[in-house]
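Working notes for the structure below.
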Amino acid sequence: MMRFVLGIVLGVLLLPAGAYVWFKYGHPPVAVADAPLPMERQITSVPLHARIDKEAPTEAKAEANEATFIAGAHVYRQQCAFCHGVYGSKSEVGEHMFPDAPPLWEKHHGEVVGVSDDPAGETYWKVANGIRLTGMPAYKSVLTEAEMWQVSVLLANADKPLPPVALTLLKEPLSFDTPAGAAMVKPVAMAKAGAAK
Ligand code: HEC
């Protein structure tokens, strides 16, 4: 009996000691370029999807129309393009993150464009709450409720024909230090300033 108890105590002590040795000397992945841990992706995505399934609104609070798409394109340019790229050109940094920021205007799995296969409510949840331990920020204190819905509904319709004004915005190259870039950022900033008054 004594031996059994001693075995358990030793086992309990060995576990954290082993973990410490591994953290200190085992070169666990800490750099973005390191390989992922075994099953890292699966382990983090199970609780995330359970939470989203429970909390994501089932009905979109913005209509899928021209005004929403154009407003969403402004939000996208200002807040998302830096990491997720624009229509026809990838972000310079997005693929060098861990996990990487997927290009949201690229076709994959047949006709899917970005997250057009996800309901707007799921994207809304991710935009509002962010995704922990990734570079995906939480926007609920940055964007208004309406702006988060506009960009989410836009992304849910990324595989559909979009109004030319929205497409022009989404196709502009990424640099904001051009007059065109500045002109695109302004309307959102001004709308916000107006709303704050
Ligand atoms: C600082 C970089 C960064 C910015 C800015 C950013 N994101 Fe992300 N986003 C990420 C990363 C990294 C991921 C991948 C997270 C993961 O793999 O779980 C991600 C994931 C996502 C996903 C899930 C993609 C999928 O395949 O399921 C959506 C949708 C998304 N972002 C939308 C947005 C929107 C909309 C904005 C702007 C309002 C935005 N992001 C701004 C980095 C960013």
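Assorted remarks:
- Counting only Cα atoms, the stretch 108-152 measures 35, 26, 11 Å along its principal axes, largest extent leading.
- Rounded to the nearest whole Hz, the Karplus-based 3J(HN,Hα) values (6.51 cos²θ - 1.76 cosθ + 1.60, θ = phi - 60°) of the stretch 113-129 follow the sequence 10, x, 10, 5, 7, 9, x, 4, x, 5, 5, 4, 4, 5, 5, 5, 9, with x at glycine and proline.
- Pairwise centroid distance, computed over Cα atoms, of the stretch 91-110 with the stretch 19-33, Å: 27 Å
- In a simple Cβ point-charge model (Lys, Arg +1; Asp, Glu -1; nothing else charged), the chain has a dipole of about 640 debye relative to its Cα centre.
- Sorted on the mean count of surrounding Cβ atoms within 10 Å across their residues, most packed first, peptides 158-170, 29-41 read 158-170, 29-41.
- The chain - convex hull of the alpha-carbon atoms, volume per residue in Å³: 185 Å³
- Non-local Lys pairs in the stretch 38-142, i.e. 8 or more apart or on different chains, that have alpha carbons under 18 Å apart: 5
- Global form of the stretch 1-71, assessed from the alpha-carbon gyration tensor, a/c cut-off 1.5: oblate
- Taken along the Cα-to-beta-carbon direction at a fixed 7 Å, the label points for LYS171 and HIS96 span 2.8 nm.
- In order along the stretch 140-145, the phi-based Karplus estimate (6.51 cos²θ - 1.76 cosθ + 1.60, θ = phi - 60°) of 3J(HN,Hα) comes to 5, 9, 10, 9, 7, 3 Hz; Gly and Pro are listed as x.
- Spatial offset of the stretch 50-70 relative to the stretch 118-148 amounts to 11 Å, using the alpha carbon center of each.
- Amide H to amide H, with H built 1.01 Å from N, VAL86 comes under 5 Å of SER91, counting only residues 5 or more places away or on other chains.
- Estimated from helices alone, the mean residue ellipticity of the chain at 222 nm is -16500 deg cm²/dmol (sum of -39500 (n - 2.57) over DSSP H runs with n ≥ 4, per residue).
Just so you know, all these numbers are worked out from the coordinates, no wet-lab data involved. Every value quoted in this text rests on a predicted model; they were computed, and no experiment measured them. When we count neighbours, we look across all protein chains shown, and the Cβ atoms used for this are built from the backbone with ideal geometry, even at glycine.
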